[in-house]
């Protein structure tokens, strides 16, 4: 088999392959001989039709099949012979496929780039660190109490923090508008779930009182027909309730599944959850920082075939999350180009580190990754079993675990400066 290769771009190659006619003929003859044993032809018993009849009946079909399969198999042999690593499927253009002739074709394809990784020791990285303090746990417990706020009816005027139940009817220039009517609507004053002027206008209102409250809709209000307009709401106050927080006792603990051990056990469980979430946040932040440094320090040519494939995957992912089913609903490709380029380039760089450092998946890391992924679901054990029984799903888990190992390897060899932070800052937590 004769093979010649020329470069027609940084990563694009054009390869001409010539397969001897003898090999083509031998393969065709072998296929036809097999057919003599299995073909069913009118006038002949199974397996008794002469080869000449088989050739006449099936020759053209077998020739086409053999040519197609030989182009695929010989392409694999050719790139192996020339020590090339195709980055995608080739575009094959037949040149000579006639019976009795050498099979000749031209294959155009991209190859993976050579990755020249800069020494990781030259990277300077900030590594975020933080711990969950007793004060953080106190603040979280207090938030849990606020989530269980109870309201009791009062006869006094409403104040910030009270829950006011109202009927209202809004009008613009005396004309009611769509969406401006509500009955038995509960509003916690100060939460900001309603327009600020409306909430402010209810402060001081007593049960049974009626008020008119003026409201200016923002210029960027989501309902375009109301944006920038002034409305007057007639409001009837049906009840006012003041908030009270539950006691930190056994009953409160039971709401969160703690039936034994009381408040100390609740604090222990809350702290463990906070540490798990914090650790995940820190790992993600550090991983993002490490991979960004790796990407910026190591420019790499990205095969167009891989880039386009990644863009399509990202478009499909958006369609899946938005429920779009028709290809016409696919988002524009342009916003995905650079993120896709970054993702492909990082994949090449990460794979190069894995290969050169001979990194293999740590089963313990993979198992920990899986536990983390299923921990937020109701029946975590059942979901974990489902993952373990799905080879494709487990390959994804192992890939994430191996990626984490690459990040740890980089952090172990780069110039790392710890950057202390806090739970509240990293988790954007306000107690």
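The values are calculated or read from the model by the stated rules, or taken from the named source; none is laboratory data. Since the structure is predicted, the reported quantities are computational estimates derived from the model, not experimental observations. As a convention, Cβ positions derive from the backbone with ideal geometry for all residues, glycine included, and neighbour counts pool all protein chains shown.
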Quickly run through the stretch 200-220 and pick out the residues that are in contact (Cβ under 8 Å) with a residue 12 or more places away in the chain, within 14 Å of residue 230 (Cα to Cα) and in a loop (DSSP other than H, G, I, E, B). 217
Look at the stretch 115-168 and say how many of its residues are farther than 20 Å from residue 280 by Cα and part of a strand (DSSP E or B). 12
Give the stretch 308-325 a look and list any residue that's over 17 Å from the mean Cα position of the chain (by Cα) and not in a loop (DSSP other than H, G, I, E, B), or say none. 308
I need a count of the residues in the stretch 181-199 that are in contact (Cβ under 8 Å) with a residue 12 or more places away in the chain and touching a strand residue (DSSP E or B) at 6+ places or on another chain (Cβ under 8 Å). 13
By residue number, the members of the stretch 363-393 that are surrounded by 12 or more Cβ atoms within 10 Å (Cβ to Cβ) and either modelled with pLDDT of 95 or more or part of a loop (DSSP other than H, G, I, E, B) (or both) are 375, 390
Condition first: touching a strand residue (DSSP E or B) at 6+ places or on another chain (Cβ under 7 Å), over 26 Å from residue 29 (Cβ atoms) and loosely packed, with under 15 Cβ neighbours inside 10 Å. Now tell me which residues in the stretch 65-120 satisfy that. 82, 85, 91, 93, 108
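Kindly check whether there is at least one residue in the stretch 326-339 that is within 19 Å of residue 293 (Cα to Cα) and either outside the structural domain of residue 398 (by TED's automatic domain parsing) or not in a loop (DSSP other than H, G, I, E, B) (or both).
Yes: one or more hits.
Being closer than 20 Å to residue 112 by Cα and either at pLDDT below 85 or assigned to a helix (DSSP H, G or I) (or both) narrows it down to one residue among 79, 24; which is it?
Just one listed residue meets the conditions, 79.
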Residue ID - surrounded by the fewest Cβ atoms within 10 Å (Cβ to Cβ), chosen from residues in the stretch 280-322 that are out of contact with any helix residue (DSSP H, G or I) (no Cβ under 9 Å at 6 or more places or on another chain) and farther than 30 Å from residue 91 by Cβ: 321
